[in-house]
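None of the figures in this text is laboratory data; all of them are computed from the coordinates on show. Predicted model only: the values in this text are computed from it and were never measured. Neighbour counts are summed over all protein chains in view; Cβ atoms, including those assigned to glycine, are modelled from backbone coordinates with ideal geometry.
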Amino acid sequence: MKSASLWAVLPSLLASSAWATFPISSVKRESNLPVVPNKFIVEVDVLSNIPNKRSFTRSLDAVYDLLKSRDVSFQVDKEYDSPDLFVGAALTVTDAIALQNSPGIKAIRPVTTFQRPKPVSVHVVSGPYDPAIPPDSESTHILTGVDKLHAKGITGKGIKIGIIDTGIDYTHPLLGGNFGPGNKVIGGYDFVGDKYDGTNTPVPDNDPLDQCAGHGTHVAGIIGANPGNQFNISGVAYDSSLSAYRVFGCTGSVTDDIIVEALLRGVKDGQDILTLSLGGPDGWTESSSSVVASRIAASGKVVTIAAGNDGASGSWYSSSPGNGVDVISVSSVDNTVVPLQKLNVNGVPHDQIIYFATFPLPTPGDLPIYATSKDTTIVDDACEPLPDSTPDLSKFVVIVRRGTCSFVTKLTNVAAKGAKTTLIYDNGNGFAGISVGTFNAALIQAADGEFASYLHILVQQFAANAPITISFPQTGGSVNFPDPKGGLISSFTSYGPSNDFYFKPALAAPGGNILSTLPTTQGSFGVESGTSMATPFVAGSAALLFSVKGKSASVGKSARTLFETTAKRVPSSHTDGDPLQTVSQQGAGLINVFDAVYATTVVEPGELVLNDTAHFKGVQTFSVKNTGNASKKYKLTHFPAGTALTVNATTQFASLGPVPLTKTSASVTLVPNTFTLRPGSSQIVAAIFSPPKGLNAATYPLYSGFIEIAAPSENLHVTYIGLAASLKDKQVVDNSDIFFGEKIPALIDSKGDVQKSPTNYTFVGTDVPTLLWRLTFGTPSFRADLVDPNIKIATTLSSRGLFGSLPFFTFPHPQKGGSFAQVKVVGTLAELNYIPRNSENPSDNGYSSFALNSPTFANGTAIPSGSYRVLIRALRVTGNPAREEDYDSWLSPVLGVYPK
């Protein structure tokens with residue numbers, strides 16, 4: 001998960017066909033596919049459905065025997081034996097030719113990797129007067145009604161919560177100081193050990209103590225920190241009992257076979273709630289961890305999972321395992337006040353200027369200013385090296401206008417002339433924290449707000465040679481600045497929905513600027529931001545719900561709908577007239593725990609998915625039930641949210657965050673729109689939708705909103721989402737030259753160049769071909785096949801060793817030859833199912849590559865020597881796998897396979 005500010009400049013760049021910031025020569029000639037080579041999680045059938053069942057008491061043993069009888073070579077890495085949820089095994093396969101069609105196997109899913117959780121921002125606080133501490137450390141409880149429940153003595157006592165994360169520093173005084181029964185952290189398990197990094201062998205033990213990573217400790221404090229401390233913080237459910245399931249080492253990632261193991265262990269240990277502040281862009285509901293998490297939630301446990309911090313990447317980029325159908329995927333809301341710093345301006349009469357920094361810039365004394373441009377309307381200030389006439393800037397505070405290029409580019413150019421301190425004034429894109437690398441710099445306001453004239457004065461006075469100096473008070477300069485985005489959805493929150501059109505995220509909770517516990521070895525307390533912080537807030541909220549309503553499976557199954565229907569709608573800005581934030585980022589709104597616990601109206605379902613135009617479900621129904629003691633009169637009203645223009649109409653790329661919104665919305669007829677219910681009675685309501693009109697389908701407009709159900713003492717809503725376009729029309733494979741400066745897909749030769757003519761490969765050393773591609777949308781099926789060099793096929797797109805010596809298996813289809821979707825293939829090099837689109841960041845899922853290091857097909861058999869082409873095909877969403885026209889396809893130049 002990455003910071004939203006890091007790539008804030010990219011929307012304008014991606015709109016230009018001239019953008020080519022990542023040279024194709026920088027592509028590593030290796031496979032970077034989002035699965036672990038040769039490893040699969042296999043789900044097996046019940047024993048009664050397996051042919052050789054009489055000889056065995058376990059279905060797993062029966063399947064192993066069948067695989068051996070078919071000469072399938074495999075290694076059992078883990079077993080899962082939870083009959084009501086999941087029975088299967090994680091296998092390493094070295095000969096997968098018969099795996100898929102073996103009797104007794106219900107599903108085969110590749111093992112995927114999830115990077116360790118990375119909050120958007122982290123700050124270790126120095127003490128109770130640290131300026132980074134939110135002015136009201138209980139503000140998140142006030143925003144959500146948690147404070148009212150605490151006032152009634154409802155604190156989660158008796159509820160068990162399992163935290164699947166980096167472990168917990170249970171020695172922290174606010175987390176009980178000890179481990180085991182009778183303590184706050186009553187149990188758990190370390191599945192990996194300190195040295196595990198996602199690529200080596202885990203070393204598990206019974207102690208989930210973490211004093212090196214810290215993430216899980218911050219999560220634990222949000223749920224369970226004891227009150228009565230110097231920071232005036234408390235967990236949402238501080239009397240609940242916690243268990244720590246450690247799935248990350250001190251560094252690195254984790255594979256989802258371990259996450260599945262942790263999920264099932266949490267159920268076995270009797271947890272009422274499981275929370276996971278982890279995940280990665282996936283776009284589908286089909287990963288093993290998503291499937292298992294969803295089944296656990298459907299059984300009556302509450303499972304909360306982070307929605308992700310990839311908001312900068314735009315829509316259709318939801319995270320797994322939060323994509324699980326029945327889990328609660330959680331987005332983030334920013335805290336309402338942020339502590340910033342003030343600087344002094346001397347030489348002209350005006351007030352101090354606020355700059356966006358938690359701590360004072362470490363610049364001593366009074367310094368004169370130097371503006372890199374005297375034109376306050378310049379759009380590309382300092383985007384190019386400064387002229388030779390520029391003086392030595394080391395003795396100035398440099399003033400630069402925001403715009404066009406990245407902040408680091410501007411700062412690099414001014415630093416080349418000696419600058420040590422820089423103020424970047426805003427051009428209207430928003431006053432917020434910016435990514436400045438290692439430079440000493442901060443953002444100040446300009447186009448918006450009361451300080452616009454001051455900055456004009458600064459630059460104009462510089463032009464007039466006025467004797468202006470600036471100083472940065474090292475103490476006493478902190479100010480509680482009303483966060484202009486406080487109470488709004490955090491810009492870093494990932495956008496949904498999933499590619500298979502599930503409602504993601506489900507709802508929001510406070511996740512921006514959250515003060516909580518850190519390991520005692522890391523300062524004990526810190527302020528962090530991310531959906532990782534919002535997720536445990538919802539887990540704690542579920543504990544409060546269980547405290548009042550009991551821990552029955554029916555309460556657990558209803559928790560998500562109850563939280564969704566009682567949530568608070570979140571606007572897209574604080575400007576009157578702007579639309580509500582798209583449901584694809586806020587979900588059903590900000591959790592309102594008090595109302596959820598004490599609601600006497602029950603609305604089901606809480607989500608209405610209208611789908612795309614090809615599968616439109618315009619007539620929806622929901623029920624309203626009065627569970628109170630008196631009759632209630634209800635009035636229903638439609639509140640549309642902003643329609644998200646999810647794709648740039650002039651390109652094939654996603655609109656990057658913040659995704660542009662339009663007020664053009666769906667229309668809804670409600671029947672009935674008013675009614676009265678006696679105690680215990682219900683009413684079915686029909687909602688008849690018409691998609692918004694007049695929008696360009698090429699922008700893939702994602703419309704959404706709320707049907708409010710209002711009574712004199714209550715206000716609930718049902719949330720809906722739909723698409724005013726057909727997903728099958730969306731191009732999947734990038735065939736442009738925008739990202740690399742060369743058209744892709746492409747074969748990269750042994751020198752790192754694009755192969756443009758027939759080339760033979762020996763497979764000695766680095767003399768191997770590498771297939772390079774990008775996806776602009778998720779696909780349920782991606783294939784790379786070897787075909788005859790003289791094949792006749794009308795392609796839709798223009799032509800153009802991590803695990804030792806094992807061949808790289810992807811999905812083990814037993815296909816050495818034959819045909820697929822009417823196209824004759826020699827053999828399959830790779831097949832990936834349910835994969836997400838690529839991002840705009842070259843170092844974070846920016847592209848996909850497959851190095852054919854060994855002349856073998858995906859099923860492990862050797863490729864005969866000869867000449868071939870690579871045919872890649874990606875199935876469009878909702879496309880028919882048997883219809884060739886439903887695929888994006890590309891045919892490579894001729895490559896010769898002549899191993900030595």
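Based on the mean of other Cβ atoms within 10 Å per residue, sort peptides 550-556, 167-173, 491-497 so the most packed one is first. Each step should come with its number before you reach the end.
On the way: 550-556: 14.6, 167-173: 24.6, 491-497: 29.0.
So the peptides 550-556, 167-173, 491-497, ranked by packing, come out 491-497, 167-173, 550-556.
What does the convex hull of the Cα atoms of the stretch 525-675 come to per residue, in Å³, rounded to a whole number?
Measuring per residue, one finds 184 Å³ for the Cα hull of the stretch 525-675.
Can you tell me the dipole magnitude for the chain around its Cα centre, using point charges on the Cβ only (Lys, Arg +1; Asp, Glu -1), in Debye to the nearest 20?
Approximately 1520 debye in magnitude.
For residue 392 and residue 613 in the same chain, what is the full-extension length gain: residue separation times 0.36 nm, less their Cα-Cα distance, in nm?
On the way: separation 221, 0.36 × 221 = 79.56 nm, distance 6.08 nm.
Extra length from residue 392 to residue 613 when fully extended: 73.5 nm.
What area, in nm² and to one decimal, does the C-alpha convex hull of the stretch 225-284 cast on average over all directions?
For the stretch 225-284, averaging the hull's shadow over all directions gives 6.4 nm².
How large is the convex hull of the Cα atoms of the stretch 597-716 per residue, expressed in Å³ as a whole number?
That works out to 117 Å³ per residue.
Would you report the distance distribution of C-alpha pairs in the chain as whole percents per 20 angstrom bin, up to the bin with the largest distance?
Pairs per bin, as whole percents: 14, 43, 35, 7, 0.
Taking the Cα centre as origin and putting +1 on Lys and Arg beta-carbons and -1 on Asp and Glu beta-carbons, what dipole magnitude results for the stretch 39-111, to the nearest 20 debye?
120
By how many nm would the segment from residue 207 to residue 269 grow when fully extended, if each residue of separation counts as 0.36 nm and the alpha-carbon distance is taken off?
Here the segment from residue 207 to residue 269 would lengthen by 20.8 nm.
For the stretch 509-571, rounded, prolate or oblate, judged on the Cα gyration tensor with a ≥ b ≥ c (square roots of eigenvalues), a/c < 1.5 rounded, else prolate if a/b > b/c?
Verdict is oblate for the stretch 509-571.
Cross-link list 824/900; 160/549; 148/485: which exceed 18 angstrom alpha carbon to alpha carbon? All intermediate terms of the calculation are to be shown ahead of the outcome.
Values: 824/900 28 Å; 160/549 15 Å; 148/485 25 Å.
Result: 824/900; 148/485 exceed 18 Å.
Considering only the chain, what is the antiparallel percent among its DSSP beta bridges, to the nearest 5? Mind showing how you got there, number by number?
On the way: 123 of 173 bridges.
Here the share of antiparallel DSSP bridges comes out near 70 percent.
Mind listing the long-range amide H neighbours of residue 106? Cut-off is under 5 Å, sequence gap 5 or more, other chains count too, H placed in the peptide plane at 1.01 Å from N.
43, 44, 45
Which of rounded, prolate or oblate describes the stretch 39-111 when judged by the alpha-carbon gyration tensor and an a/c cut-off of 1.5?
Here the stretch 39-111 falls in the oblate category.
May I ask which residue of 591, 676, 259 lies farthest towards the positive end of the charge dipole of the chain, with charges of +1 (Lys, Arg) and -1 (Asp, Glu) on Cβ and the Cα centre as origin?
Looking along the dipole axis, the top candidate is 676.
Could you tell me how far the Cα centroid of the stretch 672-751 sits from the Cα centroid of the stretch 177-214, in Å?
The two parts, judged by their Cα centres, are 41 Å apart.
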